[in-house]
1. Ordered by residue, what ³J(HN,Hα) values in Hz, to whole numbers, does segment 64-73 give under the Karplus form 6.51 cos²θ - 1.76 cosθ + 1.60, where θ = phi - 60° and Gly and Pro are x?
2. May I ask you to compute the full-extension gain from Leu17 to Arg63, defined as 0.36 nm times their residue separation minus their alpha-carbon distance, rounded to one decimal in nm?
3. Would you mind working out the accessible area per residue for segment 22-82, using a 1.4 Å probe, and quoting it in Å²?
4. Using only protein heavy atoms and a 1.4 Å probe, report how much of Asp53 is accessible, in Å² to the nearest 10.
5. When a/c is below 1.5 the answer is rounded, else prolate if a/b is larger than b/c, else oblate, so apply that to the chain with a ≥ b ≥ c taken from the square roots of the Cα gyration tensor eigenvalues.
6. At a 1.4 Å probe, what is the % contribution of carbon and sulfur to the accessible area of the chain?
Amino acid sequence: MDFSMATPALLFPAISLLLLAYTNRFLALAALIRDLQTRYRSHRDSNLRGQIDNLRRRVLLIRNMQAAGVASLLLCVLCMFLLFAGQALIAKYLFGVSLLLLIISLGISIREIQISVQALHLQLSDLEE
């Protein structure tokens, strides 16, 4: 396999778009948390409490998704630097670790989506009552 600077550079747009999507998720959750907190303070409802707990877990997952994504991008840049410095073998290993971090980030994203669906079920159960 030919391993050049173009190989890790291919991940830049993908990782950048992922980080943007993760940031948008985080901002949406932050607004929702603020709204639910205000509603919970005025009316202590167990359903609201469940939603707040659910959002707490999701925020932590998003933080971990972002950390893995940023680490992946950082290793891609370091990989390119090592290729520039003539250290192709080390660069290949770093690129592999970068890909693993990206896989971890995507896996955490899947889990966060599952929790998001659970939150929607809580919301729907409130409507059914």
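The values are calculated or read from the model by the stated rules, or taken from the named source; none is laboratory data. Keep in mind that this is a model prediction, so the values were computed, not measured. Keep in mind that these areas ignore ligands, DNA and RNA; they rest on the heavy atoms of the full protein, side chains included. Shrake-Rupley method; radii C 1.70, N 1.55, O 1.52, S 1.80 Å.
1. 5, 4, 5, 4, 5, x, 5, 4, 4, 5
2. Working: separation 46, 0.36 × 46 = 16.56 nm, distance 1.59 nm.
Value of the extension gain: 15.0 nm.
3. On the way: 3580 Å² over 61 residues.
Per-residue value: 59 Å².
4. It works out to around 60 Å².
5. On the way: a/c = 4.15, a/b = 3.38, b/c = 1.23.
Prolate, because a/c is 1.5 or more and a/b exceeds b/c.
6. Working: 5530 of 8130 Å².
Of the solvent-accessible surface of the chain, carbon and sulfur hold 68 percent.
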